[in-house]
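The values are calculated or read from the model by the stated rules, or taken from the named source; none is laboratory data. None of these values were measured; they are calculated from a predicted model. Methodologically, a virtual Cβ is constructed for each residue, glycine included, from the backbone with ideal geometry; neighbour enumeration extends over all protein chains shown.
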Amino acid sequence: MMRALRAALLGLALLGCASTAEPVWAPDHEVSRFAVAHEGPASIALITVINNRSGEGGHTALFIRGSQRVVWDPAGTWWNPHAPERNDLHYGMTDRMEEIYIDYHARVSWHVVIQEIEVSREVADALSRAAQDYGAVPKAQCAVSTGRILRTRPEFAGAPETWFPKRLMNWFDTLPGVTKSVVYDHDDDNNQPLLRQQIAAGGAGRPG
């Protein structure tokens, strides 16, 4: 068990779910400028990044589409000027920005699993508030923090408190109404040039 835990934590560190818990707080005018209202049915999507060689999970995130569209990216390394961050919660997540986020994580050694489920707007907004209140996440606690946020709602009370992103993904798969998609890419494992390209392009252009 300890060997498996060490291996999982190493994978998290290599992927980018290993930032120290450094508070980040975008100013009000940036959040207001880039905030995106969600017009369609409310939903959430669990994002899990899986190693193509070992099959182990490397990162967990959560798209939340309620009154606003945000992404909970705990201890993540992704950033974009059109998605201002407040302690691991990024605002301004348009369809295009979600594509950019996924493209940053999908690469030659990693693929991305997206599990989406419709919820009420009340539930989505409550999860957004829970993410806002959680604070900056310490290294390697992406799955732990996401499970805790999900458990703030009775609909997701069974979410495991786990260090392993894949365990949270497997649990999420048992929920009624979940739809799943998988994204593979052949980008280089060093995704910092891609991140710089995305930042330079802002919210425009084709990802990857």
Exercise for the section: Please tell me if Glu122 is closer than 22 Å to His38 by Cβ and in contact with a Pro (Cβ under 7 Å, 6 or more places away or on another chain). Expected result: no
Exercise for the section: Sort through Asp125, Asp133 and tell me the only one that's loosely packed, with under 15 Cβ neighbours inside 10 Å and within 23 Å of Ser67 (Cα to Cα). Expected result: Asp133
Fill in the blank from the handout: Checked region 103-128 for anything over 25 Å from Arg151 (Cα atoms) and assigned to a helix (DSSP H, G or I); matches are Asp103, Tyr104, His105
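Quick one: in region 177-204, of everything that is in a loop (DSSP other than H, G, I, E, B) and either of a type in the set (A, V, I, L, M, F, W, C) or without any contact (Cβ under 8 Å) to a residue 24 or more places away in the chain (or both), which residue is farthest from Tyr101 (Cα to Cα)?
The selected residue is Val178.
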Exercise for the section: Residues being basic (Lys, Arg), closer than 24 Å to Pro193 by Cβ and out of contact with any helix residue (DSSP H, G or I) (no Cβ under 9 Å at 6 or more places or on another chain): count how many of those fall in region 69-124. Expected result: 1
Handout entry: Residue that is modelled with pLDDT of 95 or more and of a type in the set (Gly, Ala, Ser), where the choices are Ala204, Ala157
Key = Ala157
Handout entry: Test: residue in region 134-141 that is in a loop (DSSP other than H, G, I, E, B) and β-branched (Val, Ile, Thr)
Key = yes
Exercise for the section: For Ile117, indicate whether it is within 14 Å of the chain's Cα centre (by Cα) and closer than 24 Å to Trp171 by Cα. Expected result: no
Exercise for the section: Considering each residue of region 141-193, count those that are closer than 20 Å to His111 by Cβ, surrounded by 13 or more Cβ atoms within 10 Å (Cβ to Cβ) and among the aliphatic types (A, V, I, L, M), and give that number. Expected result: 5
Problem - Filter pass, Pro81 being in a loop (DSSP other than H, G, I, E, B) and more than 29 Å from Asp188 (Cβ to Cβ) - result: no
Problem - Test: residue in region 59-72 that is in a loop (DSSP other than H, G, I, E, B) and either at pLDDT below 95 or under 20 Å from Ala143 (Cβ atoms) (or both) - result: no
Exercise for the section: Please work out if Asp95 is modelled with pLDDT of 95 or more, within 26 Å of Arg151 (Cβ to Cβ) and among the acidic types (Asp, Glu). Expected result: no
Practice task
For region 12-19, indicate whether the set of residues that are modelled with pLDDT of 95 or more, outside any loop (DSSP other than H, G, I, E, B) and buried (at least 17 other Cβ atoms within 10 Å of the Cβ) is non-empty.
Solution key: no
